[in-house]
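Chemist: One structure is given below, represented as structure tokens, and several questions about it will come after.
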Amino acid sequence: MIILALETSCDETAAALVMDGRTVLSSVVHSQIPEHEKYGGVVPEIASRSHTEHILPVTRRALSDAGLTMEEVDAIAVTAAPGLIGALLVGVGFAKGLALATQKPLIPVHHIRGHVASCYLACPDLEPPFLCLVASGGHSHIIHVEDYTTMRVLGRTRDDAAGEAFDKAARAMGLPYPGGVHLDRAARTGDPTRYSLPTPKVEGAALDMSFSGLKTAVLNLINTAGQRGEAIHLPDLAAAFEARVAHALCHRLLLAAEQTGLSTIAAAGGVSANTGLRQMLTEAARSRGLTLCLPPLSLCGDNAAMIGAQGYYEYQAGVRAGSDLNARASLSVERALAADFSL
Ligand code: KG4
Ligand code: ZN
């Protein structure tokens, strides 16, 4: 079964063709970073307008890269939640029009479920049940993937998402937007022990996370140094911050494995591209005898291939949308039936 998948939830316009949920035939991602860079963050209206401009050429390119025509496509999958509402609506509107014109089934996909499914593309032997850390710009979840379409959130952030914390800390350090990847680069030559930063935790909820205190500690450290006329050693501060976030995420994933008795763990979402986190997860899995699935960097950030992968499993489970499909800015990853996407 060949699925054409579309993703427009934030600042990437993406289209992909995926066969049977596991094989990527093509994947095109148009990043809007240059359009938002000068504002230091994603400007929702600019994102929607850019998706409107790029969705058709990106889709055409995905089809031509795969050497396919619309006649050879069996179904259309689209991210319908969560994300920037104006951005999501561009993809949903486009997918609805295409499904109507070509008489193909339409499958709504939850963005976070898509991140989980990026692991199926990277690790062919991976099958539920497993535990997945999804850490992105908008979410930080520890998910028990019970089967392809049944997910239980075991832990989540109570405030900032891990990626958001990376971006805000990086901005305070004077690094360009989006900061996560720049902070990662700076941390590579740093000593994580020079600056002492708090360990993020939530009292009484061992699997929940909190990153705003850590971010504030970085801001305070930089402000205090500025007032005293002292210089900050950027690589050391970046390394200390990265180590704290990576440890918080890794520790909770391992704790969830202990609590559930599951021996397969995975990580997905933009933050799973982080070098320190990947090293920590790889080492922890090796020393504890756990099987680890870590998608390549190309599948960590937003893309449509992951939406095509999850779309296949949603389709198998009978999920279909009609012409009344809507988009939602927020929706639990535990609920993703067609009706859940309608208002
Ligand atoms: O999954 P994603 O592409 O989009 C969302 O669904 O949010 O995640 C983007 C987030 C941004 O906050 C970005 O700074 C962060 O992932 N990120 C990283 C790295 N690469 C991307 N954070 C830390 N280290 C990285 N190498
Ligand atoms: Zn994402």
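The values are calculated or read from the model by the stated rules, or taken from the named source; none is laboratory data. Remember, it's a predicted structure, so these values are computed and weren't measured experimentally. Cβ coordinates were reconstructed from backbone atoms using ideal geometry, including for glycine residues, and neighbour counts include every protein chain displayed. Surface accessibility is based on the protein's heavy atoms, side chains included, excluding ligands, DNA and RNA. Shrake-Rupley method; radii C 1.70, N 1.55, O 1.52, S 1.80 Å.
Chemist: Identify, from the list L17, L63, L25, L88, the residue that is open to solvent by 40 Å² or more (accessible area, probe 1.4 Å) and at pLDDT 95 or above.
Modeler: Exactly one residue qualifies, and that residue is L25.
Chemist: Further, regarding this structure: List the helices (runs of 4 or more DSSP H) that sit entirely inside the stretch 140-241 and contain at least 2 residues that are more than 25 Å from A268 (Cα to Cα), out of contact with any helix residue (DSSP H, G or I) (no Cβ under 8 Å at 6 or more places or on another chain) and open to solvent by less than 30 Å² (accessible area, probe 1.4 Å).
Modeler: Result: 212-228.
Chemist: While we're looking at this one, here's another question. Condition first: farther than 15 Å from L131 by Cα, among the polar types (S, T, N, Q) and more than 16 Å from ligand 1 (Cβ to nearest atom). Now tell me which residues in the stretch 272-315 satisfy that.
Modeler: S287
Chemist: Which members of the stretch 102-136 meet the condition of being out of contact with any Cys (no Cβ under 7 Å at 6 or more places or on another chain) and in a strand (DSSP E or B)?
Modeler: The answer is L106, I107, P108, V109, H110, F130, L131, L133, V134, A135.
Chemist: I265 fails exactly one of the following numbered conditions: (1) closer than 30 Å to I107 by Cα; (2) open to solvent by less than 30 Å² (accessible area, probe 1.4 Å); (3) within 16 Å of ligand 1 (Cβ to nearest atom). What is the number of that condition?
Modeler: (3)
Chemist: Shifting gears a bit: Take the stretch 277-291 and flag every residue that is open to solvent by 10 Å² or more (accessible area, probe 1.4 Å) and not in a strand (DSSP E or B).
Modeler: R278, Q279, M280, T282, E283, A284, R286, S287, R288, G289, L290 - these are the residues of the stretch 277-291 that are open to solvent by 10 Å² or more (accessible area, probe 1.4 Å) and not in a strand (DSSP E or B).
Chemist: Right, next: For a quick check of your reading of the model, give me the residue pairs whose first member lies in the stretch 84-108 and is touching a residue at least 60 places away in the same chain (Cβ under 8 Å), whose second is outside any helix (DSSP H, G or I) and among the basic types (K, R), with beta-carbon atoms closer than 7 Å and at least 6 apart or on different chains.
Modeler: Going by the 7 Å Cβ cut-off, the qualifying pairs are P105/R320; L106/R320; I107/R320.
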